[in-house]
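In what follows, a single structure is set out as structure tokens and then discussed.
The values are calculated or read from the model by the stated rules, or taken from the named source; none is laboratory data. None of the values given here were measured: they were computed from a predicted structure. Note that each Cβ is placed from the backbone with ideal geometry, even for glycine, and that neighbours are counted across all protein chains shown. What goes into the accessible areas is simple: the full protein's heavy atoms, side chains included, and nothing from ligands, DNA or RNA. Shrake-Rupley method; radii C 1.70, N 1.55, O 1.52, S 1.80 Å.
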Amino acid sequence: MLAGERGRATQKAMQILVALGKIYDAERLVRVSSVQVSGVSYKNLGDAGLEFLSELAKDGKARVKTTLNPAGMSLTDWRSQGIDSGFAEKQLQVIDAYGRLGVEITCTCTPYLAGNEPSFGQHIAWGESSAVAYANSVIGARTNREGGPSALAASLTGRTPLYGLHIRENRVPTIAVDVEAKLRVPEEFSAMGYFVGRAAKDGVPYFRGVQHASLEDLKTLSAALASSGGVAMFHVEGLTPESGLGAKDLEALTFTRKDLTETDSLLNDEGAPDFVSVGCPHCSLTELATLARLLSGRQVRREFWVCCSREVKRQGDEAGYSRLIEESGAKFALDTCMVVAPIEELGYKVVATNSAKASHYLRNAGLKVRFMPLEGCVAEATRSG
Ligand code: F3S
């Protein structure tokens, strides 16, 4: 591949991986079973990114199952989202290039809910920090936090350098977290992730004292840990598959109800929301069920985006949840999300969301944010006046 015998794109991809391997002192390459490519929104890629992809697409092809992160807009309903046609044209060119590369146009940050579910111990190369933390911690697959180019390079070659979280010794906990607060809803896991991520930086937290955690709790915890810090893996004692790696003699911090309240206020600005969005990371079927129950018979009075994958939406259609959600006036935001879509350019000022990760990035984009549970988001969306 490096000699160019498999084409120019594969050669370029291998050059990227070899350079990375040298930087991180990798002993060799390892085969990967799947790839999740991030760097899809034209908002982040720009023309340079589009050019890079178009060049690779001339003769490059994915060698392993490869799925795609959310784009900057719905690929079919971008007009009703208020997206500018110049942006849409560029975004569709990006998607077209990925399609020619053999990448599945899934456009979701929860590939593990949409047909790309690795097994325990498998080596994978995923971008999208929330999915990386989930795959390592909850599934027990092995991936570093890939950037767009390195994930794509892994896809075109089927390989990644063997370093970091691909190696067992690097998966052991580095900091213990004694969870004293009783966590009841996913948003509280999200706030805890935000709090712990800042202290853990790029370490491996080991949570003690959590009795139960749902898929939704772990999904939002993964996202928050990876947004305030660089966490790519964590353990929950007795719950996640590699928590047996142990947590002896570790520096420990506690997470109390007071920390929860303080993190909550840290994530909240003043102001009445004019835009409400849930599904960061993209909603699960259980979340669609909850939304359907909360929205049934009610009318939404401000823009309300429910972000999820096309696959989960399809399951929601079958279960009858999607109809109840749409009848309320809420909109499914498929292929995209409130962070990667250019919503700051659509004139919205204050966003209500149930995700600490979304709060973090929306604020960085200059918006005001209200962080609240899913029920609160529905109450805001349906509030009159
Ligand atoms: Fe997914 Fe967008 Fe959040 S990509 S994790 S919904 S910021």
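Could you list, in sequence order, the residues of segment 1-15 that are among the polar types (S, T, N, Q) and either open to solvent by 30 Å² or more (accessible area, probe 1.4 Å) or free of Cβ contacts under 8 Å to residues at least 12 places away in the same chain (or both)?
Of the residues in segment 1-15, the ones among the polar types (S, T, N, Q) are 10-11, 15.
Listed by number, the residues that qualify are Gln11, Gln15.
Filter segment 358-385 down to the residues that are assigned to a loop (DSSP other than H, G, I, E, B) and within 15 Å of the ligand (Cβ to nearest atom), then identify the one that is farthest from the chain's Cα centre (by Cα). Write out each step before concluding.
Let us first name the residues in segment 358-385 that are assigned to a loop (DSSP other than H, G, I, E, B), namely 365-367, 372-373, 383-385.
Now drop any that are not within 15 Å of the ligand (Cβ to nearest atom), which leaves 365, 367.
Details: Ala365: 17, Leu367: 20 Å.
The extreme case among them is Leu367.
Scan segment 76-86 residue by residue and report those that are buried (at least 19 other Cβ atoms within 10 Å of the Cβ) and either of a type in the set (S, T, N, Q) or without any contact (Cβ under 8 Å) to a residue 24 or more places away in the chain (or both). Talk me through it step by step, then tell me what you get.
Restricting attention to segment 76-86, the residues satisfying the condition of being buried (at least 19 other Cβ atoms within 10 Å of the Cβ) are 78, 81, 83.
Result: Trp78, Gln81.
Name the helices (runs of 4 or more DSSP H) wholly within segment 223-324 that hold at least 2 residues that are away from the ligand (no atom under 14 Å from the Cβ) and under 30 Å from Ile124 (Cβ atoms)? Can you show your working first?
Details: elements: 257-266, 285-295, 310-319.
Qualifying helices (runs of 4 or more DSSP H): 285-295, 310-319.
Against the definition (at pLDDT 95 or above, within 16 Å of the chain's Cα centre (by Cα) and of a type in the set (A, V, I, L, M)), how does Ala153 come out, yes or no?
Details: at pLDDT 95 or above: yes; within 16 Å of the chain's Cα centre (by Cα): no; of a type in the set (A, V, I, L, M): yes.
So Ala153 fails the test.
Looking only at residues in segment 112-130 that are within 16 Å of the ligand (Cβ to nearest atom) and in contact with a helix residue (DSSP H, G or I) (Cβ under 6 Å, 6 or more places away or on another chain), which one is farthest from Leu239 (Cα to Cα)?
Selected residue: Gly127.
Can you confirm whether segment 347-357 contains a residue that is more than 16 Å from the ligand (Cβ to nearest atom) and of a type in the set (Val, Ile, Thr)?
yes
Looking at Gln122, Gln211, can you tell me which residue is surrounded by fewer than 24 Cβ atoms within 10 Å (Cβ to Cβ) and free of Cβ contacts under 8 Å to residues at least 12 places away in the same chain? Explain how you work it out, then say what you get.
Values: Gln122 fails: free of Cβ contacts under 8 Å to residues at least 12 places away in the same chain.
Selected residue: Gln211, the only one of Gln122, Gln211 that is surrounded by fewer than 24 Cβ atoms within 10 Å (Cβ to Cβ) and free of Cβ contacts under 8 Å to residues at least 12 places away in the same chain.
Does Thr336 satisfy being among the β-branched types (Val, Ile, Thr), in a loop (DSSP other than H, G, I, E, B) and crowded, with 16+ Cβ neighbours inside 10 Å? Explain how you work it out, then say what you get.
Values: among the β-branched types (Val, Ile, Thr): yes; in a loop (DSSP other than H, G, I, E, B): yes; crowded, with 16+ Cβ neighbours inside 10 Å: yes.
Against the criterion (among the β-branched types (Val, Ile, Thr), in a loop (DSSP other than H, G, I, E, B) and crowded, with 16+ Cβ neighbours inside 10 Å), Thr336 qualifies.
Would you confirm whether any residue within segment 33-41 is under 20 Å from Cys337 (Cα atoms), open to solvent by less than 30 Å² (accessible area, probe 1.4 Å) and in a strand (DSSP E or B)?
Checking segment 33-41: at least one residue is under 20 Å from Cys337 (Cα atoms), open to solvent by less than 30 Å² (accessible area, probe 1.4 Å) and in a strand (DSSP E or B).
Which one of the conditions (1) part of a helix (DSSP H, G or I); (2) buried (at least 18 other Cβ atoms within 10 Å of the Cβ); (3) out of contact with any Gly (no Cβ under 7 Å at 6 or more places or on another chain) does Glu89 fail to meet, given that it meets all the rest?
Condition (2) is where Glu89 drops out.
What residue, of Val172, Val177, is over 22 Å from the mean Cα position of the chain (by Cα), aliphatic (A, V, I, L, M), at pLDDT 95 or above and crowded, with 21+ Cβ neighbours inside 10 Å?
Working: Val172 fails: crowded, with 21+ Cβ neighbours inside 10 Å.
Residue meeting the stated conditions: Val177.
Quick check on this structure: which one of Glu51, Glu27 is over 15 Å from Ser155 (Cα atoms), among the acidic types (Asp, Glu) and free of Cβ contacts under 8 Å to residues at least 40 places away in the same chain?
On the way: Glu27 fails: free of Cβ contacts under 8 Å to residues at least 40 places away in the same chain.
After applying the criteria, what remains is Glu51.
Hey, Val64 hits all of (1) modelled with pLDDT of 95 or more; (2) under 28 Å from Glu216 (Cβ atoms) but one; which does it fall short on?
(2)
Go through the residues of segment 222-233 one by one and say whether even a single one is out of contact with any strand residue (DSSP E or B) (no Cβ under 6 Å at 6 or more places or on another chain), closer than 22 Å to Glu375 by Cα and surrounded by fewer than 20 Cβ atoms within 10 Å (Cβ to Cβ).
The initial filter retains those residues of segment 222-233 that are out of contact with any strand residue (DSSP E or B) (no Cβ under 6 Å at 6 or more places or on another chain), namely 222-231, 233.
Cutting the leftovers down to closer than 22 Å to Glu375 by Cα gives us 222-224.
Subset that is surrounded by fewer than 20 Cβ atoms within 10 Å (Cβ to Cβ): none.
The answer is no, given that none of the residues of segment 222-233 is out of contact with any strand residue (DSSP E or B) (no Cβ under 6 Å at 6 or more places or on another chain), closer than 22 Å to Glu375 by Cα and surrounded by fewer than 20 Cβ atoms within 10 Å (Cβ to Cβ).
Tell me yes or no: at least one residue of segment 66-75 is surrounded by 18 or more Cβ atoms within 10 Å (Cβ to Cβ), of a type in the set (Gly, Ala, Ser), in contact with a Phe, Trp or Tyr (Cβ under 7 Å, 6 or more places away or on another chain) and in a helix (DSSP H, G or I). Let's see the steps before the verdict.
Step one: filter segment 66-75 for residues surrounded by 18 or more Cβ atoms within 10 Å (Cβ to Cβ), giving 66-74.
Within this subset, residues satisfying the condition of being of a type in the set (Gly, Ala, Ser) are 71-72, 74.
The next check asks that each one be in contact with a Phe, Trp or Tyr (Cβ under 7 Å, 6 or more places away or on another chain); those that pass are 72.
Still in the list and also in a helix (DSSP H, G or I): none.
No: segment 66-75 contains no residue that is surrounded by 18 or more Cβ atoms within 10 Å (Cβ to Cβ), of a type in the set (Gly, Ala, Ser), in contact with a Phe, Trp or Tyr (Cβ under 7 Å, 6 or more places away or on another chain) and in a helix (DSSP H, G or I).
Of everything in segment 32-48, what is more than 13 Å from Leu156 (Cβ to Cβ), more than 16 Å from the ligand (Cβ to nearest atom) and in contact (Cβ under 8 Å) with a residue 24 or more places away in the chain? Give them in sequence order.
First pass over segment 32-48, keeping only residues more than 13 Å from Leu156 (Cβ to Cβ): 33-34, 36, 38-48.
Narrowing the set further to residues that are more than 16 Å from the ligand (Cβ to nearest atom) leaves 33-34, 46-48.
Across segment 32-48, the qualifying residues are Ser33, Ser34, Asp47.
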